[in-house]
Amino acid sequence: MCKGLSAIPSSCLEKAKGMRVKFHHLTEKPHKFRAHEEKTDLESLLNSKSGLQAFHWFLRSEFSEENLAFWLACQDYRNSPESKLAEKASSIFSQFINPDAPQEVNLDGETRDALMSVMDEPELSSFNEAQQRIFSLMAKDSFPRFLRSPFFQQAM
């Protein structure tokens, strides 16, 4: 122990250590996305406001933001009241699923056909499979590139 600290009662030192632990979070940068130390995953990123924003800007720079927009629209759809489901389902379908949609996402024919068959009476789970396929596509394709990009470095 330092000579200067040896004159301080040990109870004060213990209290100081406790305060340091309690106030440590104030020195961190809360607006930055923090990856798990063992790995960074897409789900954690999407649950972080700053991580989501950085990923969005990265996708925009690659001209491929439609996948994230679709995923977010599905999240919003799932949290919608039942009275709004038909309207929102129609909007999602025309924006992302239709073959001539302005932000068409890359879905296989089977998933696209399954969506078309439930559009008359959409349920909360109607877009679950399509959303999961787009999530997997982002996790395997654009997310690894994002991790090597300056956008990720700035979000850290």
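Rule-based calculations on the coordinates, nothing more; no lab input. All values derive from a computational prediction rather than experimental measurement. Ideal geometry is used to build each Cβ from the backbone, glycine not excepted, and the neighbour counts take in all protein chains shown.
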Report summary line: the range 43-83 scanned against label point 7 Å out from Ala101 along Cα→C-beta; backbone N under 18 Å for 60, 63-80
Query raised in the report: Each residue of the range 96-111 in turn: what ³J(HN,Hα) in whole Hz from Karplus with 6.51, -1.76, 1.60 and θ = phi - 60°, glycine and Pro shown as x?
Result: 10, 9, 3, x, 10, 5, x, 10, 4, 9, 8, 10, 5, x, 5, 5
Report summary line: Taking a ≥ b ≥ c as the square roots of the eigenvalues of the Cα gyration tensor, with a/c under 1.5 meaning rounded and otherwise prolate when a/b exceeds b/c and oblate if not, the range 37-94 is oblate
Report task. Compute the signed sum of charges (Lys and Arg +1, Asp and Glu -1) over the other residues within less than 12 Å, Cβ to Cβ, of Phe151. Result -> +2
Query - Karplus-derived 3J(HN,Hα), 6.51/-1.76/1.60, for each residue of the range 128-135, Hz, glycine and proline x - result: 4, 5, 5, 4, 5, 5, 5, 4
Query - Full-extension gain in nm, Glu129 to Asp76, via 0.36 nm per residue minus C-alpha separation - result: 17.6 nm
Report task. Sum up the charges of everything whose Cβ sits under 14 Å from the Cβ of Thr111, counting Lys and Arg as +1 and Asp and Glu as -1, but leave Thr111 out. Result -> -3
Query raised in the report: Along the range 53-65, what does the Karplus equation 6.51 cos²θ - 1.76 cosθ + 1.60 (θ = phi - 60°) give for ³J(HN,Hα), rounded to whole Hz, x for Gly and Pro?
Result: 5, 5, 5, 4, 5, 4, 4, 4, 5, 9, 6, 9, 7
Query raised in the report: Which far-off residues, 5 or more places away or on another chain, put their amide H under 5 Å from the one on Ser64, with H placed in the peptide plane?
Result: none
